[in-house]
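Comments concern the structure below.
The values are calculated or read from the model by the stated rules, or taken from the named source; none is laboratory data. Being a predicted model, the structure only gives us computed values, none of them experimental. Don't worry about glycine lacking a Cβ; one is built from the backbone with ideal geometry, like all the others, and counts go over all protein chains shown.
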Amino acid sequence: MGLRNIIGRRLGLGLVRRRKPFSTATCDGDGNGNAKSINLYSAINQALHIALETDNRAFVFGEDVSFGGVFRCTTGLADRFGKARVFNTPLCEQGIVGFGIGLAAMGNRAIAEIQFADYIYPAFDQIVNEAAKFRYRSGNQFNCGGLTIRAPYGAVGHGGHYHSQSPEAFFCHVPGIKVVIPRSPRQAKGLLLSCIRDPNPVVFFEPKWLYRLAVEEVPEHDYMLPLSEAEVIRQGSDITLVGWGAQLSVMEQACNEAEKDGISCELIDLKTLLPWDKETVEASVRKTGRVLISHEAPVTGGFGAEISASIVERCFLRLEAPVARVCGLDTPFPLVFEPFYMPTKNKILDAIKATVNY
Amino acid sequence: MASWGRRSSGMVHHIKALSKVELRGKAGEMKGGWWRYPLQPGVASALVPRSWPCVNTMASLFLVQRFKSSLPQKQVEDDDDDDQDLDFPGGKVACTSEMKFISGSYDKRIPCYRVLGDDGELIKDGSDFEKVNKELAVKMYRDMVCLQIMDTFLYEAQRQGRISFYMTSFGEEAATISSAAALTKDDIILPQYREQGVLLWRGFTLQEIVNQCFGNKDDGGKGRQMPVHYGSSKHNFVTVSSPIATQLPQAAGMAYSLKMDKKDACVVAFIGDGGTSEGDFHAGLNFAAVMEAPVIFVCRNNGWAISTPTSDQFRSDGVVVKGQAYGIPSIRVDGTDALAVYSAIRAARNMAINEQRPVLVESLAYRVGHHSTSDDSTKYRSLSEIEHWKTGRDPLLKAIQVAEGTEKPPLTELFTDVYDLPPSNLVEQEKLLRQTVNKYPHDFPSDVSLH
């Protein structure tokens, strides 16, 4: 209980946000309107309510969404919008996504839920071969841009192989879809609304560990946060850290500790992994000369590899040290060994120091 | 679960009768250590013997809880279950004490709906079909001929290296064109890849088809895909994609949208026999059934998935029987019979739209051509088999065969109709000629009878 509050408070106050003009947002989530302190699943729930209330051709469907969902993200939707718009589907991920593609191809907003990212693979064919290519292969005669696929991802402390995976890297390799991962409740609401309204199919991974643990002031009104714009959430000058989702809070703790040793860390939330904001990361690396990427997914072939290759390509002569990656081990996500597997604060801290002292 | 509870409570009675068992309120083992008691006191107890599949106490606790949530309608009075009904999630089920497995297949195969006989004439005994007017019939025929000729040309074009790839629909022309004829232009087509007949019917021009095959700048798909991957939003024909069966769950989603709009239209999704083995077939049919979506699933069973015959594809009675597993009404139809296909699809469409539900149509039409230009089917099937099906129900080739095998007119006809009646010179000439023919038979063709 105590730990929950601490983590909650840390995320609420510890995230320093640099003001930045947003290209498409109606508002950046600050300022106007009432804001209430809510957790991640409630923020997502709010986004879904708004999505359905502002577009009567929006639908929410997936396994168990009708009663509110196994993580309560879809609470109240069926009661409010009716069974025709919010409904359970059979237990079949390829069916859920295929059905969603069809619905979206008819101009609807199809918001599909995959119960755990670990179970998204049966739908991989529909996502890669169908959704991602729907517009391109038809010469833009057809598209399924109204499709958004939501899935809880990431470590939860006791999830093991099949309730902890971070499969984002598989999807970042697919031209035609977008991949978005929020770090907090306020981010989640604005990003999810952008994803739903984006005219491209999007996969939205929600850090399940933060569903209850992360609590933040979230404006109650309808607002959107831009996609493909990374955010510098902590300014620094010695090293750039890049991450997304739940891992950012771990990275932030490492940054705080590094600061005590006089290392000034700049922390970037990528937010959209595909297409990702290379410019913001590059600008930061040009400033610091060092970069460290951290993600829960196994290190080999993880999305950190793409960021690393791209930064080296663009900033080779500016780099003072090799690009560091602090990631999950190359093993299936273990149960009792989870604490060993994870890219912990101290692993990150050690890597920060090694990079700075290179 | 409920039935286990029932059985167990029947056993309670039985055991009580056998031994003086006291049902205790807390976990414990009976003397002799054979039985375990459930942990929950006060709930309808279920004694679970060690030999029961669900052995440990926690599981039996679970059993008990589940049992509680679906209480029986009446108490078990005796061990005879025959009059029992099981009120189970999903609906009431009658119980029986006869242990009987449903067979894997019916005694007889599902018959194939057909209106025209092998001779092209209506089968007698009052065929049940929807009549087409002359205009429609002529268009169907013309489009089938056009399709066959177009396929021939484009196949040749590939062989000449002018296009990279092609797939013909020889033998299946009626299946696609008659289906298209039975639909309206508002019905949305989700093809597999062998339904160019539907496109032709709807007015997609030969030029547009060929543009797609060449992938030139006038290709609606902008040159991105291989030949035969056509699509046209104008004609409500969704672009072809190579992966098999992916269109089926999409069909359910599109049809659901039509349902929301209360449109007088349905989705028609095509699939081959091979495609029914894909997971997406199961996903598509199940979703369409649960969502009560107006989709017609048309399976073109042409006997082959490239080189794989249907005997290697499934062990069911073809595809038509699979519909029932999803609660979907289904029919098997002769895919070479234009009138039968037309009637079946019309009926299916009415059912799909008026009842807002999916329908499955299995069309049987042998794949006369190769799978594609990348395939030489003589490598896995005999020429005689191909010939049999090529001429079997193909009216033109059949007519040629029949004509070829038919005798010429008799010799008498050489001399008739010169005049209204033969004059004496012709009567004499015929007599002389017949003598010559008898003397030198090898000088004369044998297929002219001498009668």
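Out of B:S179, B:S164, B:S169, I need the residue that is over 20 Å from B:D273 (Cα atoms) and of a type in the set (S, T, Y). Which one?
Values: B:S179 fails: over 20 Å from B:D273 (Cα atoms); B:S169 fails: over 20 Å from B:D273 (Cα atoms).
Within the list B:S179, B:S164, B:S169, the selection yields B:S164.
Residue-wise test of (1) surrounded by fewer than 24 Cβ atoms within 10 Å (Cβ to Cβ); (2) modelled with pLDDT under 95; (3) part of a loop (DSSP other than H, G, I, E, B).
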{"residue": "A:N200", "(1), (2), (3)": "yes, no, yes"}
{"residue": "A:E206", "(1), (2), (3)": "no, no, no"}
{"residue": "A:E217", "(1), (2), (3)": "yes, no, no"}
{"residue": "A:D222", "(1), (2), (3)": "yes, no, yes"}
{"residue": "A:P226", "(1), (2), (3)": "yes, no, yes"}
{"residue": "A:G236", "(1), (2), (3)": "yes, no, yes"}
{"residue": "A:V250", "(1), (2), (3)": "yes, no, no"}
{"residue": "A:I268", "(1), (2), (3)": "no, no, no"}
{"residue": "A:E282", "(1), (2), (3)": "yes, no, no"}
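When you scan segment B:183-204, do you find a residue that is of a type in the set (A, V, I, L, M), assigned to a helix (DSSP H, G or I) and surrounded by fewer than 18 Cβ atoms within 10 Å (Cβ to Cβ), even just one? Reasoning before the result, please.
Narrowing segment B:183-204 to residues of a type in the set (A, V, I, L, M): B:183, B:188-190, B:198-200.
After this cut, where a residue has to be assigned to a helix (DSSP H, G or I) as well, the list is B:198-200.
With surrounded by fewer than 18 Cβ atoms within 10 Å (Cβ to Cβ) added as a condition, the list becomes none.
No, segment B:183-204 has no match at all.
Just checking, how many residues over segment A:60-95 are away from chain B (no Cβ under 14 Å) and loosely packed, with under 15 Cβ neighbours inside 10 Å?
Going through segment A:60-95 one residue at a time, the tally reaches 4.
Each row is one residue, and each column tells you yes or no for (1) acidic (D, E); (2) within 13 Å of another protein chain (Cβ to nearest Cβ); (3) closer than 17 Å to B:M254 by Cβ; (4) touching a residue at least 60 places away in the same chain (Cβ under 8 Å).
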position	(1), (2), (3), (4)
B:L190	no, yes, yes, yes
B:Y193	no, yes, no, no
B:G215	no, yes, no, no
B:S233	no, yes, yes, no
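Could you please find all residues in segment A:120-156 being within 17 Å of the chain's Cα centre (by Cα) and within 25 Å of A:P343 (Cβ to Cβ)?
Taking segment A:120-156 as the starting set, the residues that turn out to be within 17 Å of the chain's Cα centre (by Cα) are A:120, A:147-156.
Scanning segment A:120-156 gives A:I120, A:R150, A:A151, A:P152, A:Y153, A:G154, A:A155, A:V156.
Which of the residues belonging to segment B:235-252 are touching a residue at least 24 places away in the same chain (Cβ under 8 Å), at the interface with another protein chain (Cβ under 7 Å from one of its Cβ atoms) and closer than 14 Å to A:Q141 by Cα?
B:V238
Would you mind finding the one in A:D125, A:D118 that is in contact (Cβ under 8 Å) with a residue 12 or more places away in the chain and within 11 Å of another protein chain (Cβ to nearest Cβ)? Step through it out loud before you land on a result.
Values: A:D118 fails: within 11 Å of another protein chain (Cβ to nearest Cβ).
Only one candidate qualifies: A:D125.
Go through B:A265, B:A255, B:A269, B:A283 for me and flag whichever is more than 24 Å from B:Y106 (Cβ to Cβ), crowded, with 24+ Cβ neighbours inside 10 Å, more than 8 Å from chain A (Cβ to nearest Cβ) and of a type in the set (A, V, I, L, M).
Working: B:A265 fails: crowded, with 24+ Cβ neighbours inside 10 Å; B:A255 fails: more than 8 Å from chain A (Cβ to nearest Cβ); B:A283 fails: more than 8 Å from chain A (Cβ to nearest Cβ).
None of the others qualify; the one that does is B:A269.
Do we have B:F204 as modelled with pLDDT of 95 or more, farther than 28 Å from A:G95 by Cα and within 13 Å of chain A (Cβ to nearest Cβ) here? Give the derivation first.
Details: modelled with pLDDT of 95 or more: yes; farther than 28 Å from A:G95 by Cα: yes; within 13 Å of chain A (Cβ to nearest Cβ): yes.
Yes; evaluated as a whole, the condition is true for this residue.
From the set of residues in segment A:314-358 that are among the polar types (S, T, N, Q) and under 29 Å from A:D118 (Cβ atoms), which is surrounded by the fewest Cβ atoms within 10 Å (Cβ to Cβ)?
Taking segment A:314-358 first, the residues among the polar types (S, T, N, Q) are A:331, A:344, A:346, A:355, A:357.
With under 29 Å from A:D118 (Cβ atoms) added as a condition, the list becomes A:331, A:344, A:346.
Numbers: A:T331: 11, A:T344: 16, A:N346: 13.
In this case the residue turns out to be A:T331.
Of all residues in segment B:96-109 being surrounded by 10 or more Cβ atoms within 10 Å (Cβ to Cβ) and in contact (Cβ under 8 Å) with a residue 24 or more places away in the chain, which is nearest to the chain's Cα centre (by Cα)?
Taking the candidates together, the pick is B:R109.
Condition check ((1) under 30 Å from A:F124 (Cα atoms); (2) outside the structural domain of A:I263 (by TED's automatic domain parsing); (3) touching a residue at least 40 places away in the same chain (Cβ under 8 Å)) across all residues:
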| site | (1), (2), (3) |
| --- | --- |
| A:P185 | yes, yes, yes |
| A:I196 | yes, yes, yes |
| A:V203 | yes, yes, yes |
| A:W209 | yes, yes, yes |
| A:A214 | yes, yes, yes |
| A:L225 | yes, yes, yes |
| A:Q235 | no, no, yes |
| A:T240 | no, no, yes |
| A:A246 | yes, no, yes |
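So if I check each of A:F142, A:F170, A:F134, which one is within 14 Å of another protein chain (Cβ to nearest Cβ) and not in a loop (DSSP other than H, G, I, E, B)? First the steps, then the outcome.
Details: A:F142 fails: not in a loop (DSSP other than H, G, I, E, B); A:F170 fails: within 14 Å of another protein chain (Cβ to nearest Cβ).
The match here is A:F134.
Which of the residues belonging to segment A:37-59 are of a type in the set (S, T, N, Q), surrounded by 20 or more Cβ atoms within 10 Å (Cβ to Cβ) and not in a helix (DSSP H, G or I)?
As a first pass, look at segment A:37-59 and keep what is of a type in the set (S, T, N, Q): A:37, A:39, A:42, A:45-46, A:54, A:56.
Of the ones still in play, those that are also surrounded by 20 or more Cβ atoms within 10 Å (Cβ to Cβ) are A:39, A:42, A:45-46.
Selection gives A:N39 alone.
Go through segment A:128-160 and count every residue that is touching a residue at least 60 places away in the same chain (Cβ under 8 Å), touching a strand residue (DSSP E or B) at 6+ places or on another chain (Cβ under 8 Å) and aliphatic (A, V, I, L, M).
Count: 2.
Condition test on A:K20, is it surrounded by fewer than 15 Cβ atoms within 10 Å (Cβ to Cβ), at pLDDT below 95, assigned by TED's automatic domain parsing to the domain that holds A:V202 and among the basic types (K, R)? Quick ask: steps written out before the conclusion?
Working: surrounded by fewer than 15 Cβ atoms within 10 Å (Cβ to Cβ): yes; at pLDDT below 95: yes; assigned by TED's automatic domain parsing to the domain that holds A:V202: yes; among the basic types (K, R): yes.
Judged against the criteria, A:K20 is a match.
List the number of the failed condition for A:G301; all other conditions in (1) surrounded by fewer than 15 Cβ atoms within 10 Å (Cβ to Cβ); (2) under 20 Å from the mean Cα position of the chain (by Cα); (3) part of a helix (DSSP H, G or I) hold.
That leaves (3) as the condition not met.
Closer than 18 Å to B:E172 by Cα and at pLDDT below 85 - does that describe any residue in segment B:398-415?
To start, the set of residues in segment B:398-415 that are closer than 18 Å to B:E172 by Cα comprises B:398.
From what is left, the residues that are at pLDDT below 85 are B:398.
Yes, segment B:398-415 contains a residue that is closer than 18 Å to B:E172 by Cα and at pLDDT below 85.
Looking at segment A:323-341, I want the residues that are closer than 18 Å to A:A305 by Cα and have a partner that is among the charged types (D, E, K, R) and outside any loop (DSSP other than H, G, I, E, B) with Cβ atoms under 6 Å, at least 6 apart or on another chain. Which pairs are those?
A:V326/A:K347; A:G328/A:E296
For residues that are crowded, with 23+ Cβ neighbours inside 10 Å and of a type in the set (S, T, N, Q), scanning just segment A:129-187, find the one that is nearest to A:Y41 (Cα to Cα).
A:S184
A:D261 passes all but one of (1) under 23 Å from A:L48 (Cβ atoms); (2) in the same structural domain as A:G328 (by TED's automatic domain parsing); which number fails?
(1)
If we keep just the residues of segment A:101-115 that are buried (at least 24 other Cβ atoms within 10 Å of the Cβ) and part of a strand (DSSP E or B), which is nearest to the other protein chains (Cβ to nearest Cβ)?
A:A110
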